[in-house]
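What follows is one structure encoded as structure tokens, with my remarks underneath.
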Amino acid sequence: MAAGSLLATALGPKLKAQAASVWGMAAVGLCLLTLALTGTALQMYVLAALLGIAIALGNFGTGVIFQRYVNPDYFGRVGSLISTVSMVGMPLTLLALAPVADRLSIQTVFASSGSLCLLGAAVWARLLNRTELGI
């Protein structure tokens with residue numbers, strides 16, 4: 001993720017935040033889908049590195065969108081809300097998946113996660129196109 005953050009910083013104004021958020025989320029989905037098909041450690045290491053870059057790209061985009069379009073008077077409130085939702089979401093998801101975790105293969109988990117990320121990227125792109133943000 002550090003490499004992705006450095007890359008996003010180096011590209012700076014050339015990198016559009018809206019496109020970075022959509023493509024970052026889509027790249028995460030593709031990396032996860034590909035992880036479902038890998039068989040060697042080297043492939044997994046390469047995909048893990050690409051996944052880190054994709055996450056950083058998506059985080060860069062959403063962070064810039066947040067700073068650009070949220071009134072500075074509400075940064076603390078909105079930032080706290082986003083942090084709270086993400087912190088609560090992780091353990092709740094783990095709790096919900098715990099009963100079936102032993103019944104699913106890791107390939108199924110990666111494929112499902114990748115598919116959800118791709119769906120999320122498509123929905124996010126559609127939402128950005130419906131607002132004044134645009135990609």
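When residue 37 is tested against (1) outside any helix (DSSP H, G or I); (2) within 17 Å of the chain's Cα centre (by Cα), only condition (2) is not met.
Annotation: residue 60 fulfils all but one of (1) outside any helix (DSSP H, G or I); (2) crowded, with 16+ Cβ neighbours inside 10 Å; the unmet one is (1). Scanning the stretch 70-80 for residues being farther than 17 Å from residue 59 by Cβ and surrounded by 10 or more Cβ atoms within 10 Å (Cβ to Cβ) gives a total of 3. Beta carbons closer than 9 Å, at least 6 apart along the sequence or on distinct chains, pair a first residue in the stretch 69-94 that is under 20 Å from residue 109 (Cα atoms) with a second that is part of a helix (DSSP H, G or I) for 94/101. Take the conditions (1) closer than 25 Å to residue 122 by Cα; (2) of a type in the set (A, V, I, L, M, F, W, C); (3) loosely packed, with under 14 Cβ neighbours inside 10 Å; residue 20 misses just one of them, which is (3). Test each condition in (1) within 20 Å of the chain's Cα centre (by Cα); (2) surrounded by fewer than 18 Cβ atoms within 10 Å (Cβ to Cβ) for residue 53 and report the one that comes out false. Here residue 53 clears every test but (2). Per the conditions (1) β-branched (Val, Ile, Thr); (2) within 20 Å of residue 121 (Cβ to Cβ); (3) modelled with pLDDT under 90, the sole criterion not satisfied by residue 28 is (3).
The values are calculated or read from the model by the stated rules, or taken from the named source; none is laboratory data. Quantities reported herein were computed from a predicted structural model and do not represent experimental measurements. Every residue, glycine among them, receives a Cβ derived from its backbone with ideal geometry; neighbour counts consider all protein chains shown.
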